[in-house]
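Engineer: I have a structure I would like to understand better, so I am pasting it below and will then ask my questions one at a time.
Read-outs: derived from the displayed coordinates by stated rules, not from any lab. Here the structure is a predicted model, which means the values were calculated and not measured. Glycine also receives a Cβ, built like all others from the backbone with ideal geometry; neighbour counts cover every protein chain displayed.
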Amino acid sequence: MKFSMDSFKGAWSAMSTPLTCDGRVDSDALGKLVDHQIKLGIKGLFLAGTAGEGPFLPDRERLRLAELTVRYVANRIPVAMQITDNSAERMIENLERYQDRGIDIAVIAPPFFQLAADRGDFIYDLYKQVIDASQIPVGLYNRGKYSSVYVPPEVLGRLLDDPKVILCKDSASQPDFTEAIMAARARRNGTLAVLTGNEFDCVTYLKAGYDGVLFGGGCFNGAYAAEMCRLACAGKYDEAQTLQEHLVEVMHKVFGGKNIACWMAGQKELMVRLNVFNTAKTYLNYQLTEECSRMIDEVIRDEKDWLLK
């Protein structure tokens, strides 16, 4: 689809992937999920990221996820998809598969595993090969010190100067990365969008000039996220921060407390109880506790106006 840079001014969802009991992409639930997120005010979808369990899905299911999502979205909002792998060659192979399925943006995150990645321009050259091979716009997913392969701020800044790169998702929560990213955004003069992935402190980054947010919990917290973006755009940062603090309480209930003990299990169980998902099946080994289950019922009771639009 054709989209403008205004598509990034607001809330995006790093979409959770609904699965059947045997671990396949649940087509029925996926259709309901796409409509649900658009109703929440989500302006774009990011497939197969961490919250989407992309690194764990079989190749055939990632392809189905791309095909079905593009079909259900029906050109209403942009669709981005992670193509990350351990070499430029494997990423380019993924890229060729998914861009043929109609996705709008290919997203590159650091490789899962690399030896001697800090030598010379190795990481820069790896990314650049993939960017150059892409026939569609590219996004970069920055995880900073939380990534298994570290991409330094100066390398990220050089990559963000490439005109084919139109999006940066920043989940590093590190000042040196914020500085490098915002400097690149200024150099690009309106052709690079920056979204924060920090669900627990997004107002800090919206105040710093980020265009919007890209949340792994967007399947349920999208309306909160969209409203925080709206308030920040209007300069109402105190109101946005008050809503952020409330959302943090909600997320801790859904995710199993401040230690995020139930994370994906809690998130998917909530979607089941909202009648969007058919199962809470996950590839990740998070377990739903009795306390988290009770808290999810409390969230549904108290937050219905935010959860169901």
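Engineer: Take the alpha-carbon centre of the range 222-299, take the same for the range 53-91, and report the distance between them in whole Å.
Structural biologist: 24 Å
Engineer: Quick one: which of 298-306, 252-260 comes out on top by average Cβ neighbours within 10 Å, and what's the full order, highest first?
Structural biologist: Listed from highest to lowest mean packing, they are 252-260, 298-306.
Engineer: Which Cys in the chain stand alone, with every other cysteine's Cβ at 4.7 Å or more from theirs?
Structural biologist: That list is C21, C168, C202, C219, C229, C233.
Engineer: Another question, if that's okay. For the range 77-163, which trypsin sites (Lys or Arg not before Pro) pass both filters: DSSP loop (anything but H, G, I, E, B) and at most 11 other C-beta atoms within 10 Å? Provide the component values of the computation, followed by the final result.
Structural biologist: Values: sites: R90, R97, R101, R119, K128, R143, K145, R158; in loops: R101, R119, R143.
Taking the range 77-163 and a limit of 11 other Cβ atoms within 10 Å, the loop trypsin sites (Lys or Arg not before Pro) found are R119.
Engineer: So, one more: Rounded to the nearest 20 debye, what is the charge dipole size of the chain about its Cα centre when +1 sits on each Lys and Arg Cβ and -1 on each Asp and Glu Cβ? Don't skip to the end; give the middle numbers.
Structural biologist: Values: 36 positive and 41 negative charges, 117 e Å.
Charge dipole, the chain, about its Cα centre: 560 debye, nearest 20.
Engineer: Which entries in K32/K164; K32/K207; K9/K309; K2/K145; K164/K268; K9/K258 show an alpha-carbon gap greater than 26 Å? Walk me through the numbers on the way to the answer.
Structural biologist: Numbers: K32/K164 32 Å; K32/K207 33 Å; K9/K309 20 Å; K2/K145 34 Å; K164/K268 34 Å; K9/K258 29 Å.
Checking Cα-Cα distances, K32/K164; K32/K207; K2/K145; K164/K268; K9/K258 exceed 26 Å.
Engineer: By the gyration tensor of its Cα atoms, with a ≥ b ≥ c the square roots of the eigenvalues, what is the shape of the range 53-128: rounded for a/c under 1.5, prolate for a/b over b/c, or oblate? Spell out each step's value before the answer.
Structural biologist: Numbers: a/c = 2.86, a/b = 2.07, b/c = 1.38.
It is prolate, given that a/c is not under 1.5 and a/b is the larger ratio.
Engineer: Taking the Cα centroid of the range 111-188 and of the range 22-48, what is the distance between the two, rounded to the nearest whole Å?
Structural biologist: The range 111-188 and the range 22-48 have Cα centres spaced 27 Å from each other.
Engineer: Then there's this: Counting DSSP beta bridges with both partners in the chain, what percentage is antiparallel, nearest 5?
Structural biologist: Numbers: 1 of 27 bridges.
Roughly 5 percent of the beta bridges in the chain run antiparallel, per DSSP.
Engineer: Here is a follow-up. If only Cα atoms are counted, what is the Rg of the chain, and what is its Dmax, in Å?
Structural biologist: For the chain, the Cα-based Rg and Dmax read 18.3, 55 Å.
Engineer: With charges set only on the Cβ (+1 for Lys and Arg, -1 for Asp and Glu), what does the dipole of the range 230-309 come to about its Cα centre, in debye to the nearest 20?
Structural biologist: On the way: 11 positive and 12 negative charges, 70 e Å.
The calculated dipole for the range 230-309 is roughly 340 debye.
Engineer: Another question about this same structure. When only Cα pairs under 8 Å and 6 or more residues apart are kept, what is the percent relative contact order across the range 5-236? Intermediate values should be presented prior to the final figure.
Structural biologist: Numbers: 434 pairs, mean separation 55.0, N = 232.
The value is 24 percent.
Engineer: Give the whole-number value, in cubic angstrom per residue, of the convex hull volume spanned by the C-alpha atoms of the range 184-309. Kindly include the intermediate steps, with their values, before the conclusion.
Structural biologist: Numbers: hull volume 16.0 nm³, N = 126.
Residue-normalised Cα hull volume stands at 127 Å³.
Engineer: May I ask which residue of M1, P55, S173 lies farthest towards the positive end of the charge dipole of the chain, with charges of +1 (Lys, Arg) and -1 (Asp, Glu) on Cβ and the Cα centre as origin?
Structural biologist: So the residue we want is M1.
Engineer: Could I ask something else about it? By its C-alpha gyration tensor, with a ≥ b ≥ c as the square roots of the eigenvalues, how is the range 1-117 shaped: rounded for a/c under 1.5, else prolate for a/b larger than b/c, else oblate?
Structural biologist: Numbers: a/c = 1.80, a/b = 1.30, b/c = 1.38.
It comes out oblate by the Cα gyration axes.
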